[in-house]
Structures are given as structure tokens and as C-alpha cells.
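Q: I am attaching a structure below and will ask some questions about it afterwards.
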Amino acid sequence: MIYGLLAGITWAIETIQGQEAIILAPFVSTFLHDLISAIWVTLYNIFKKNEHGVLKAMSSKNGWFVSLAAIIGGPIGMTGYVMAVKYMGSSIGAVASAIFPAIGTVLAHYFLKERIQWYRWLFLLATMIGIYGLSYSPNVKISNFGLGIVGTLMCSFGWGIEVVILAKCMKDSDNAVKDEIALQIRQTTSAIIYGVVIIPMIHGWRFTIGLFSTPANKAIFVIAIASFFATVSYLSYYKAISQIGASKAMALDVTYAAWSVIFTIIFLHDFTLLKPITIICTVIVIGCSILAAVDFRDLI
């Protein structure tokens, strides 16, 4: 559970670090984000002397499934998130990103045979309500409801399906893929799909290359730092998935919404967030996420 919470904490730091770059160009920044993250995790695996295991896993059946999960959760899921934010506003986008643990938990129950107690469902629902409360804005402007719903479904189902496939591959008794190796395959596959398919589709290569020139290279530095924290978050998240299962790991990971509020107040001194509703929702998200990921008998 500590790994799951660490995943949420470091993803919150990543969110604050990379916010400027994501606003600049969502697809380009996501491509660079995953590309640099792939480099970070490659260096990590070299340090851990896992490079032989990476080559072996990439040619295995489970390695191919990890690549499939990367496509579903990376380009497809992230594209859906960007669509949800663009056509239905950031508050709806935040809710879309919070729905995926519920979908993933249902899939984990049926396909991974994970036991989900009734009270964990209630706490997971309370967590999603808390996240909505943190992101709610009365000035929601829906420009295209249809495309917004499509984006929401792509995002929530994409991320939920991705986690279930990863959990299956990392817990396979015959030929399991280690969590850090699975992450390298995931980030590399996602970066390749962005670079070969999505960036050319949006004619974004000129803009991408231009980011490396002065003075725009500040964005590259920001993305590199954000990618480092994202890599730590992913490593912790994958470790949690392999040790406590997909449904519990997802419940703990979404605490990033609450940690983001806390870190924004501490590091960015944005004291406008110190409102009763924000404080209450932050406590709900962190508390209910932990309770959604624990068996009460073990806790007692």
C-alpha cells in the first residue's frame, strides 16, 4: 500500500511540474513525457542489470500484451482525456480520469478474480465524489457533448483495461513480466506510437523539434523533470499492482488529486485553495482511497 500511495504522491508532483508544458501542447508534451520517461526507466534497468530481462520479455507473449496495454492506456487513453478536457472542460476531464479505477475494479473482479468487498465499493464511490468536488467549477463550458463523452469513455476504459492487462502479465505464474521491465516496454511502446502515428497526424514534428531551440528549451527541461517524477510514480504504481492487485493499486493511485492540492498550497503558495469544500474533499479522497484499498479484517 505504501507503493500505491507513493505513486499518487509523486504523480501529484509531476502534475504540478508539467502543467505548463501540457497546456502548451498536450499531445507533443505527452510524447516527450513518455519518451523521456522511457529513457529514465531504461537507465534504471541498466543500473539494476535488467537489460537482458527486458529483451527476453519483449519477445514473450506477455511482453506483447504489455505493449498492447501501452497502446490502450497511452495514446488511446490519453487522447480520450485530452478530448474530454477540450470539449467538456477540465472539471469533467478530472472526473473522467477518476472513473477508471471503478471500471478497472469491475474488470479485475471478473477477469482477475480479485475479491472486492461491498464496503470498498462505497469508499471508491466516495473517492470519485471527492475528486469531483476538488475539480468542480460552476463555469463549465461544453463545446461538443458527443465528442466529450467519447473522450471520457476512451480515457476511463483505456486506463482501466490497461491496468488489468498489466496485472495479468505481471502476476502470471508461468512467465511473469517484472514490474520495472513492464514499465520500460510500456513507455517505449507509447513513445513510438506517439512519434510514428499521432505526432505526424497532427503535423506536430516541426513544433516538437522547435521546443529544443532557445528559449523554448525551458519546456524540455520542465518535461524532463516531470518525467522523472512520473517514472518514480509509475515504478511505484506497477510495484503496487504486482503486490496488492489492480483494484487496490488504482484506489491508492487516484489520491494524486488530493496530494496535488496539498503541494500546490505548500510549494506554490496558492492559499486560495484553503476553502472548507477543498479541505473536506481532500480528506475524503485520501481517507476513502486508503479504506477502498484495505481489507478491514487485516486493518483491525
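Q: Based on this model, can you work out whether ILE241 counts as of a type in the set (Val, Ile, Thr), assigned to a helix (DSSP H, G or I) and open to solvent by 20 Å² or more (accessible area, probe 1.4 Å)? Can you show your working first?
A: Details: of a type in the set (Val, Ile, Thr): yes; assigned to a helix (DSSP H, G or I): yes; open to solvent by 20 Å² or more (accessible area, probe 1.4 Å): no.
Answer is no for this residue.
Q: Only one residue in SER247, SER227, SER213 is small (Gly, Ala, Ser), open to solvent by less than 20 Å² (accessible area, probe 1.4 Å) and either under 23 Å from PHE27 (Cβ atoms) or at pLDDT 90 or above (or both), so which one is that?
A: Testing whether each residue is small (Gly, Ala, Ser), open to solvent by less than 20 Å² (accessible area, probe 1.4 Å) and either under 23 Å from PHE27 (Cβ atoms) or at pLDDT 90 or above (or both) leaves just SER227.
Q: Shifting gears a bit: Consider the range 132-169. How many of its residues are open to solvent by 20 Å² or more (accessible area, probe 1.4 Å), farther than 15 Å from ILE71 by Cβ and at pLDDT 90 or above?
A: Of the residues in the range 132-169, 1 are open to solvent by 20 Å² or more (accessible area, probe 1.4 Å), farther than 15 Å from ILE71 by Cβ and at pLDDT 90 or above.
Q: Residues that are closer than 28 Å to PHE221 by Cβ, modelled with pLDDT of 85 or more and not small (Gly, Ala, Ser): list the helices (runs of 4 or more DSSP H) wholly contained in the range 1-87 that include at least 3 such residues. Give the steps one after another, and end with the answer.
A: Working: elements: 2-24, 26-47, 51-58, 61-71.
Here the list reads 2-24, 26-47.
Q: Please find, among LEU183, LEU252, the residue that is touching a Ser or Thr at 6+ places or on another chain (Cβ under 9 Å), part of a helix (DSSP H, G or I), over 23 Å from TRP64 (Cα atoms) and open to solvent by less than 50 Å² (accessible area, probe 1.4 Å).
A: Working: LEU183 fails: over 23 Å from TRP64 (Cα atoms).
Residue meeting the stated conditions: LEU252.
Q: Separate question: If a residue must be of a type in the set (Ser, Thr, Tyr) and either free of Cβ contacts under 8 Å to residues at least 24 places away in the same chain or in contact with a Pro (Cβ under 6 Å, 6 or more places away or on another chain) (or both), how many such residues does the range 112-126 contain?
A: Let us first name the residues in the range 112-126 that are of a type in the set (Ser, Thr, Tyr), namely 119.
From what is left, the residues that are either free of Cβ contacts under 8 Å to residues at least 24 places away in the same chain or in contact with a Pro (Cβ under 6 Å, 6 or more places away or on another chain) (or both) are none.
Number of matching residues: 0.
Q: Going by the structure shown, is ASN175 farther than 23 Å from TYR81 by Cβ and modelled with pLDDT under 85? Full working, then the answer.
A: Details: farther than 23 Å from TYR81 by Cβ: yes; modelled with pLDDT under 85: yes.
Against the criterion (farther than 23 Å from TYR81 by Cβ and modelled with pLDDT under 85), ASN175 qualifies.
Q: Related question: Would you mind stating whether LEU166 is within 23 Å of ALA230 (Cβ to Cβ), part of a helix (DSSP H, G or I), under 22 Å from the mean Cα position of the chain (by Cα) and not β-branched (Val, Ile, Thr)? Break it down into steps so the answer makes sense when it comes.
A: Values: within 23 Å of ALA230 (Cβ to Cβ): yes; part of a helix (DSSP H, G or I): yes; under 22 Å from the mean Cα position of the chain (by Cα): yes; not β-branched (Val, Ile, Thr): yes.
Against the criterion (within 23 Å of ALA230 (Cβ to Cβ), part of a helix (DSSP H, G or I), under 22 Å from the mean Cα position of the chain (by Cα) and not β-branched (Val, Ile, Thr)), LEU166 qualifies.
Q: Follow-up. So which residues in the range 255-290 are part of a loop (DSSP other than H, G, I, E, B) and crowded, with 23+ Cβ neighbours inside 10 Å, if there are any at all?
A: Narrowing the range 255-290 to residues part of a loop (DSSP other than H, G, I, E, B): 255, 269-270, 274-275.
Within the range 255-290, just THR255 meets the criteria.
Q: Separate question: Filter the range 291-300 down to residues that are under 24 Å from the mean Cα position of the chain (by Cα) and in a helix (DSSP H, G or I) and give me whichever is nearest to SER156 (Cα to Cα).
A: ALA292
Q: Cβ-Cβ under 6 Å, sequence separation 6+ or interchain: first residue in the range 158-181 and on the phi < 0 side of the Ramachandran plot and touching a residue at least 24 places away in the same chain (Cβ under 8 Å), partner open to solvent by less than 50 Å² (accessible area, probe 1.4 Å) and of a type in the set (Ser, Thr, Tyr). Which pairs?
A: From the range 158-181, the pairs are MET170/SER242; ASN175/SER60; ASP179/TYR238; ASP179/SER242.
Q: Are any of the residues in the range 186-202 in contact with a Gly (Cβ under 6 Å, 6 or more places away or on another chain) and either open to solvent by less than 40 Å² (accessible area, probe 1.4 Å) or of a type in the set (Gly, Ala, Ser) (or both)? Lay out the reasoning, then the answer.
A: Taking the range 186-202 first, the residues in contact with a Gly (Cβ under 6 Å, 6 or more places away or on another chain) are 190.
Still in the running and either open to solvent by less than 40 Å² (accessible area, probe 1.4 Å) or of a type in the set (Gly, Ala, Ser) (or both): 190.
Checking the range 186-202: at least one residue is in contact with a Gly (Cβ under 6 Å, 6 or more places away or on another chain) and either open to solvent by less than 40 Å² (accessible area, probe 1.4 Å) or of a type in the set (Gly, Ala, Ser) (or both).
Q: Related question: Sort out which residues of the range 231-244 are at pLDDT 90 or above and among the aliphatic types (A, V, I, L, M), and write them in order of number.
A: The answer is VAL232, LEU235, ALA240, ILE241.
The values are calculated or read from the model by the stated rules, or taken from the named source; none is laboratory data. The shown structure was predicted, so the numbers you read here are calculated from the model rather than taken from an experiment. All Cβ positions, even for glycine, are placed from backbone atoms using ideal geometry, and neighbour counts span all protein chains on display. Side chains are part of the model used for accessible areas, which takes the heavy atoms of the whole protein and leaves out ligands, DNA and RNA. Shrake-Rupley method; radii C 1.70, N 1.55, O 1.52, S 1.80 Å.
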